[in-house]
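Quick note: the coordinates plus some simple rules give every number you see, no bench work behind them. The model shown is predicted, which means the values in this text are computed figures rather than measured ones. Quick reminder, even Gly has a Cβ in these numbers, built from the backbone with ideal geometry, and neighbours come from all protein chains shown.
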Amino acid sequence: MHELGIMQNIVDTVQDYARKNNVSKVVKVMLEVGQVSGVVPESLEFCFEVCTKQTMLEGALLEIERIVAVGKCKTCEEGFDLLTHSFSCPRCGGTDWEMISGRELIIKELEVI
Ligand SMILES: [Zn+2]
């Protein structure tokens with residue numbers, strides 16, 4: 001389960017930030033997780049509980065916002081939902097596209113005391 005390592009990184013990053021900013025407790029962490037980022041939100045939630053034990057994040061709320069995977073067709077420039085359209089352009093049928101969003105795995109916001 002590689003989510004554990006990912007979550008450990010997130011918790012470390014949050015703790016670094018908290019220390020530098022004289023924060024005593026983190027009460028909420030908001031993440032943006034792309035649909036094709038390769039991580040399972042349910043696993044992240046579980047790992048969050050494990051990784052935050054005995055830290056200033058213990059008991060904090062984890063909010064995960066899913067980011068839809070969007071591609072832009074290189075042939076006709078149509079932007080489309082990759083998963084809904086099975087990775088091919090709904091306008092011209094092209095399969096040559098560039099990824100606009102969907103791979104995110106970022107800390108969007110923190111709520112601290
Ligand atoms: Zn197209």
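Going by alpha carbons, how many degrees (0 to 90, nearest 10) lie between the helix axis of 3-20 and the longest principal axis of the chain? Value to nearest ten degrees: 60. Report the paramagnetic label zone for E49: residues of region 57-75 whose backbone N is under 15 Å from a point 7 Å from Cα along the Cα-to-Cβ axis. Flagged as within label range: 58-63.
In this rough spin-label picture, where each label sits 7 Å from Cα along the Cβ direction, the E77-E111 distance is 4.2 nm.
For K25, the residues 5 or more places off, or on other chains, whose built amide H falls under 5 Å of its own are I113. When you work out D = kT/(6 pi eta Rh) for region 44-86 at 20 °C and 1.002 mPa s, using the Kirkwood radius from C-alpha pairs as Rh and the Stokes-Einstein form, the result is 160 µm²/s.
Only lysine pairs 8 or more places apart or on separate chains count here, and in region 1-109 those with Cα atoms under 20 Å apart total 6. Among the DSSP beta bridges whose two residues both lie in region 17-113, what percent are antiparallel, rounded to the nearest 5? Rounded to the nearest five, the antiparallel share is 65 percent.
Among residues other than M56 with Cβ under 14 Å from its Cβ, the summed charge is +1 (Lys and Arg +1, Asp and Glu -1). Remark on region 1-88: hydrodynamic radius 14.8 angstrom, per the Kirkwood mean of 1/r across alpha carbon pairs.
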